[in-house]
1. If ARG157 meets every condition in (1) more than 20 Å from LEU232 (Cβ to Cβ); (2) in a loop (DSSP other than H, G, I, E, B) apart from one, which number is that one?
2. Do you know which of the residues in the range 349-398 that are hydrophobic (A, V, I, L, M, F, W, C) and free of Cβ contacts under 8 Å to residues at least 12 places away in the same chain is surrounded by the most Cβ atoms within 10 Å (Cβ to Cβ)?
3. Scanning the range 378-424 for residues that are hydroxyl-bearing (Ser, Thr, Tyr) and touching a Pro at 6+ places or on another chain (Cβ under 9 Å), which turns out farthest from ILE24 (Cα to Cα)?
4. Across the range 407-460, what is the total count of residues that are in a loop (DSSP other than H, G, I, E, B) and either charged (D, E, K, R) or touching a Cys at 6+ places or on another chain (Cβ under 7 Å) (or both)?
5. Show me the helices (runs of 4 or more DSSP H) entirely contained within the range 201-274 in which 3 or more residues are of a type in the set (Lys, Arg), more than 25 Å from ARG19 (Cβ to Cβ) and out of contact with any Pro (no Cβ under 9 Å at 6 or more places or on another chain).
6. Would you confirm whether or not the range 358-380 contains a residue that is within 27 Å of GLU288 (Cα to Cα), assigned to a strand (DSSP E or B) and of a type outside the set (A, V, I, L, M, F, W, C)?
7. Hey, can you tell me all the residues within the range 463-472 that are free of Cβ contacts under 8 Å to residues at least 40 places away in the same chain and not in a loop (DSSP other than H, G, I, E, B)?
8. Quick one: in the range 432-452, of everything that is touching a helix residue (DSSP H, G or I) at 6+ places or on another chain (Cβ under 8 Å) and aliphatic (A, V, I, L, M), which residue is nearest to LEU398 (Cα to Cα)?
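Here, each number is a calculation from the coordinates, and none is a lab measurement. Since the model is a prediction, treat every value here as computed from it, not as a measurement. A quick note on method: Cβ atoms are made from the backbone with ideal geometry, for glycine too, and the neighbour counts reach across all protein chains shown.
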Amino acid sequence: MKYQVPEEYYFRIHHVRPRFKNDIENVLVYMATEITKIPKSKKDEFASSLNNAIRRYPGNIVKKIKTINNWRTEISSLFGFLLFDGDFTEPGRRAIELSENQDLIQCFKYYLYNFQYPGAHMKVQEISKQINAGIHFKPAQYILCLLKFAENKTNSRQFITKAEACHCIFNDLRCTRDNEQVSAVWQRIINNRNAQVEYDESGDVIRYVGDILDYMEIANLIKSYDGKSFYLNTLENETILKFINSNEWFTGYDNFIQARQATYDEINGCYEQWFQYVNRDIKETDFETNILAFIASNEKEYEDLNKSFELFDQKLNDASSLKTKDIGDIGESLVHSHECQRIKIGGRTDLIHLIKRIPTQFAVGYDIQSVELDERKRYIEVKTTISSKPLHFNKIHLTPNKWNTANTNRDRYFVYRLMISKSEKKLFLIQDPVGLYKKDLIEMIPKDGADITFNINDSNIGHFEELLTWIN
């Protein structure tokens, strides 16, 4: 017999499901980058510019306008990448952060930290249903509270499945409306396990909770070893506690929830406020990714990496106290170490002192000055992205100064594309981007410098190298 939520408590929660969910990390990095280049403008003009950017994403050129419009509304509503001000639209803080930091893990943490039911990420009729039902629920916070309670109670690691989270939390008003104590919910789950109660696990039933758990895994808050059972990620305990202890809540619907009613016009009146809320400056909350905690598979490995990192940091005479949350700096430091190792392996340790990180304020048009084994100079621009899964879409931006420097130095100028994910650390080298553009091997669009799009599987464009660093 399958588990059924008692009829008086049953309410199925809905939210927007992006059509690009299976490619979500690639899409969000691309869209955040494109959105930040569009100036504040009238809604129709902004929508047209954004639609053009969506069409340029691989595979979208032949899609119908309805699909393109759906992408635009899903990106704006679900991830809050846009801000609305009367007749005008502009890039939101969350899109700007992702574009600048290239930190998808941080992006999903902020997303989940703000995500609640009801919220303007849904259609107005769905918001109305939730208001009428008295829904007042933050899913990521509740799930983390439940798992933390379970671990404290049992003094051991505990898990939850998508089916359990769906039927015992998401579809149960005792949780989503009444904020039932997690102790009672955990006991219900344990009772069901002991009684070997089955759940309906069909895809269309558990897909909404599945989205949230998948996003929580991308955010490095939870871990799954089999795709079915989800555990707290103990290396993210500080962030998890921030979620658990948070009192952040969008209050725009609260009076309607209390009254259990609202007109569509009243709900629409909260639309702009919602996007201001999700794009607010959360100064006290630092969700930048600790790269070592992200890469490590357990606490011992994290400690070992930390020790290695401290030793590595001490060896860099031109850097001071690197932070494991500064992705750009870490990327440059990893490439600096890679270059030192490359020259060492080549038998020219006498040249290592010539390899230097260049402070940003010097504005020389590259991040690292390196050297070839024959003592010629090599100028390196480092582009680093961190994601849960390996990225396949590659688009980078070079400022006017960097593009001009690339044009001046031609085959001495390199772009090192460093992609750090859970499963791999990939380093892709492009030599002479200006020359490649002139040979029509890469796409370049002049936009306050140069937007470069390239295929990392094309050996005519560049090549992969093993990342030669302390982190191997």
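1. With respect to (1) more than 20 Å from LEU232 (Cβ to Cβ); (2) in a loop (DSSP other than H, G, I, E, B), ARG157 is out only on (1).
2. It comes out as ILE358.
3. It comes out as TYR413.
4. Of the residues in the range 407-460, 8 are in a loop (DSSP other than H, G, I, E, B) and either charged (D, E, K, R) or touching a Cys at 6+ places or on another chain (Cβ under 7 Å) (or both).
5. In the range 201-274, there are no helices (runs of 4 or more DSSP H) which contain 3 or more residues that are of a type in the set (Lys, Arg), more than 25 Å from ARG19 (Cβ to Cβ) and out of contact with any Pro (no Cβ under 9 Å at 6 or more places or on another chain).
6. no
7. HIS463, PHE464, listed by residue number.
8. Selected residue: ALA450.
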